[in-house]
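All remarks here apply to the structure that follows.
The values are calculated or read from the model by the stated rules, or taken from the named source; none is laboratory data. Just so you know, these numbers come straight off a predicted model, no measurement behind them. Because the Cβ atoms are built from the backbone with ideal geometry, glycine has one as well, and the counts that use them run over all protein chains shown.
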Amino acid sequence: MDVWKSTKNLFKRYLFWRLRRAGLTIGEGCRFAGIPSFGTEPYLITLGNHVAIASNVVFITHDGGTFVFRHLERYRKVIKYGRITILDHCVIGERTIILPGVTIGPNSVVAAGSVVSRNIPPGVLAAGNPAKPFLTVHQYAEWALASTPDYDEEEYRRNKRQVLLKMTIRGRRVHAKPAPRDASADPAK
């Protein structure tokens, strides 16, 4: 297992080294869950300091739709590109798509599955398609605090899985027994 983890980390470091050589700007203390898709123009992407990017995030720096009409003489020279800038202390949720010409943050969170087509102001939680400010980061922090169940921090550090399985998180526990089958509703009879 340690060999596999070491190999994955080495491969990840190599990919980021290549992306930086291709012009991707990554600030200090950035964290990545997996390798985001930085597209064909990583040199148009800038990540500030302490940015966290979840898995399967897609950065799109150009509009490929121009292919449909570029064969026509009038539109032969049309190109559409845009820089993407994520400022300091931002979190980008899983499977977010960021379109050309967008600036995010600082101190903002983009919820998982969002499509960011316009700038996201500082200090907000943005969500949706298109992504729009939903809460301030302070409101989000207060909501997260209020919805956090009481737990033993030391036990959590030792055995996160066990602690989470015992918790009631957004509804009932998962270990409930399945409901008995109603014989009268059986379509075979």
Only one of (1) touching a helix residue (DSSP H, G or I) at 6+ places or on another chain (Cβ under 9 Å); (2) at pLDDT below 95 is not met by P100, so which one is it? (2)
When you look at G39, is it at pLDDT below 95, under 24 Å from G105 (Cβ atoms), under 15 Å from the mean Cα position of the chain (by Cα) and not acidic (D, E), yes or no? no
Of all residues making up the stretch 15-67, the number that are part of a loop (DSSP other than H, G, I, E, B), touching an Asp or Glu at 6+ places or on another chain (Cβ under 9 Å) and on the phi < 0 side of the Ramachandran plot: 10
Quickly run through the stretch 111-129 and pick out the residues that are surrounded by fewer than 23 Cβ atoms within 10 Å (Cβ to Cβ) and part of a loop (DSSP other than H, G, I, E, B). A111, A112, G113, S117, R118, N119, P121, P122, G123, G128, N129
Filtering the stretch 115-156 down to residues that are hydroxyl-bearing (S, T, Y) and touching a Pro at 6+ places or on another chain (Cβ under 8 Å) yields S117
With the condition kept exactly as written, say whether any residue in the stretch 169-180 is within 27 Å of the chain's Cα centre (by Cα) and either closer than 29 Å to N107 by Cβ or modelled with pLDDT of 90 or more (or both). yes
